[in-house]
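Take a look at the structure set out below.
Values quoted throughout were computed directly from the atomic coordinates according to the rules given, and no laboratory measurement underlies them. If you're wondering where the values come from, they're calculated on a predicted model, not measured in any experiment. Quick reminder, even Gly has a Cβ in these numbers, built from the backbone with ideal geometry, and neighbours come from all protein chains shown.
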Amino acid sequence: MKEKQQLLDYIDSNADFFRGISDQIWDHPEVRFDTPHSAKLLADTLREQGFDVEEGVCGLPHAFRATYGAGSPAVGFLAEYDALPGMSQQAGVPERLPLLEGAPGHACGHNAIGAGNLVGALAVRDFMQRNHLPGRLVVFGCPAEESGFGKAVMARQGAFDGLDALLTWHPMEDTTLWGGSCLSIALIYYTFQGVASHAAAAPEKGRSALDAAELMNLGVQFLREHIPSTARIHYAFLDVGGAADYVVNRALGTAMYENLKRVTPLPYTKEDYDQARPFFDREDGDAKAALLARLRRVYPHFSKEELDSLAASPLNHALAPLAFPAEAMMLSTDVGDASWFAPTAQVTVAYGPNGSAPHSWQWVAMGKSGAAHKAMLTAAKTIAMTAYDVLTDGELREKARKEHKENMRGRVY
């Protein structure tokens, strides 16, 4: 399709610039809601490319809304850019070696999520301008996905109202559509108040709030063995956020997967494999056995020879089949909160050495690699083509909208 090829050509012709955006966010890891550099980089880039940018939206200093065009159809892009605390790591080094001890690092690839959504939106903006295509693009700068859940704050204030679709992507161990729901998070805050007294002179007059909190926590530990396997209990002695479950939209997701098929398998080079090999070779036997077991689940159509070959590869180039599992994934994301407001779809693209896990120093170390850049650009191309589909295919919009209404069953966020 020549129209979609225009999108791909735009991304390829500006790939060096886009890789630089991802790397600049990687170079300045910021956590939770405190993301001034990353948010400004993305917002300024969008402004320079003709978007109207509103910063500090929803009462969050480092959240933004960037809009191009007007009216409908309207497509939203969910850009993330927060890092993880304590995950500093030197790029390309296949051993644990922080840049700065105790500093944050991009161990979940959010530098590439922010860049990938930016690239996808810019590609569609370029096409709209060249071809006089009507519609509206909205890029949301969303801090604090890892802890604090910025999209939940934004959702509560109506940031995602009035859109025909929301698109995004996430680095993962496999390349496919995110076809399953996830766990929601329900928060309950308990406050304990004690009575002060002199611990030596009059201990009997005191009441320890910390003791009460610890006793409650101990009781919860005994409760864990009596809850369903689909539930998780976590606790923290700090202020944390919450997130809703992810509402899967099969119509929009299927369209997105078809676009993902167009730009896969991932175009790794020998240099990419060589760079990932030292990381892969460090994995022990248990990790490689777990990798093979996971690949058997994800790629049930592969032969034994194909599975063995993929399990021995330092990078995962394969496209996993489209699936919409009934069971929820054992993780949470604040993309779920946004998905309650509009049909939402996201792809996952393999990122990091094969067999390594998200939130690991290995993912930080590979964050500026050729493989990570290819993952980001692959996701961006998929997002751009899917946004084009939403803007030009009224039947797709109607199917996705109808399914979303049926999924919600009258539920209100």
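If neighbour count is taken as other Cβ atoms inside 10 Å, put LEU177, LEU84 in order from fewest to most.
So the ranking, lowest neighbour count to highest, is LEU84, LEU177.
Pairing the Cα long axis of helix 36-48 with the longest principal axis of the chain, what angle in degrees results, from 0 to 90 and rounded to the nearest 10?
20
Taking the Cβ-Cβ separation of ASP9 and LYS40 as r and a Förster radius of 22 Å, what is the calculated FRET efficiency to the nearest 0.05?
Taking R0 as 22 Å, the efficiency between ASP9 and LYS40 is 0.15.
Which one, GLY410, PRO73, SER13, is farthest towards the positive end of the dipole of the chain when Lys and Arg carry +1 and Asp and Glu -1 on their Cβ?
Checking the options against the dipole of the chain, the answer is GLY410.
Please give the length that would be gained between VAL412 and GLU271 if that part of the chain were fully extended, namely 0.36 nm times their separation in residues minus their C-alpha to C-alpha distance (nm, one decimal).
Difference between extended and current length: 45.8 nm.
Out of the range 12-73, which chymotrypsin sites (Phe, Trp or Tyr not before Pro) are coil in DSSP terms and have no more than 14 other C-beta atoms within 10 Å?
Numbers: sites: PHE17, PHE18, TRP26, PHE33, PHE51, PHE64, TYR68; in loops: PHE33, PHE51.
Nothing satisfies the criteria.
Can you give the longest stretch of the chain with no exposed loop site, where a site means trypsin sites (Lys or Arg not before Pro) in a DSSP loop (not H, G, I, E or B) with at most 16 other C-beta atoms within 10 Å?
Values: sites that count: ARG96, ARG232, ARG409, ARG411.
With a cap of 16 other Cβ atoms within 10 Å, the longest stretch comes to 233-408.
Along the charge dipole of the chain, pointing to its positive end and built from +1/-1 on Cβ of Lys, Arg, Asp and Glu, which listed residue (SER360, GLN157, LEU377) has its Cα farthest out?
GLN157
Tabulate in residue order the Karplus-calculated ³J(HN,Hα) for the range 20-31, using 6.51 cos²θ - 1.76 cosθ + 1.60 with θ = phi - 60°, rounded to whole Hz; enter x for Gly and Pro.
Residue by residue, the range 20-31 yields x, 4, 4, 5, 5, 5, 4, 5, 10, x, 9, 10 Hz.
Answer with a single label: of (i) 47, 28, 22; (ii) 35, 27, 22; (iii) 38, 31, 16, which was calculated as semi-axes √(5λ) of the Cα gyration tensor in Å from the structure in view?
(ii)
Cα centroid distance between the range 294-308 and the range 82-153, in Å?
The range 294-308 and the range 82-153 have Cα centres separated by 31 Å.
Under a Cβ-only charge scheme (Lys and Arg +1, Asp and Glu -1), can you give me the dipole magnitude of the range 188-239 about the Cα centre, in debye to the nearest 20?
With Lys and Arg at +1 and Asp and Glu at -1, about 60 debye.
In debye to the nearest 20, how big a dipole does the chain give about its Cα centre with +1 on each Lys and Arg Cβ and -1 on each Asp and Glu Cβ?
Working: 38 positive and 50 negative charges, 176 e Å.
Taking the Cα centre of the chain as origin, the dipole is about 840 debye.
Of LYS374/LYS399; LYS2/LYS381; LYS2/LYS270; LYS4/LYS261, which ones are farther than 22 Å apart at the Cα?
LYS374/LYS399; LYS2/LYS270
Less than 14 Å Cβ to Cβ from LEU252, Lys/Arg counted +1 and Asp/Glu -1: what total charge do the surrounding residues give?
Local net charge: -2.
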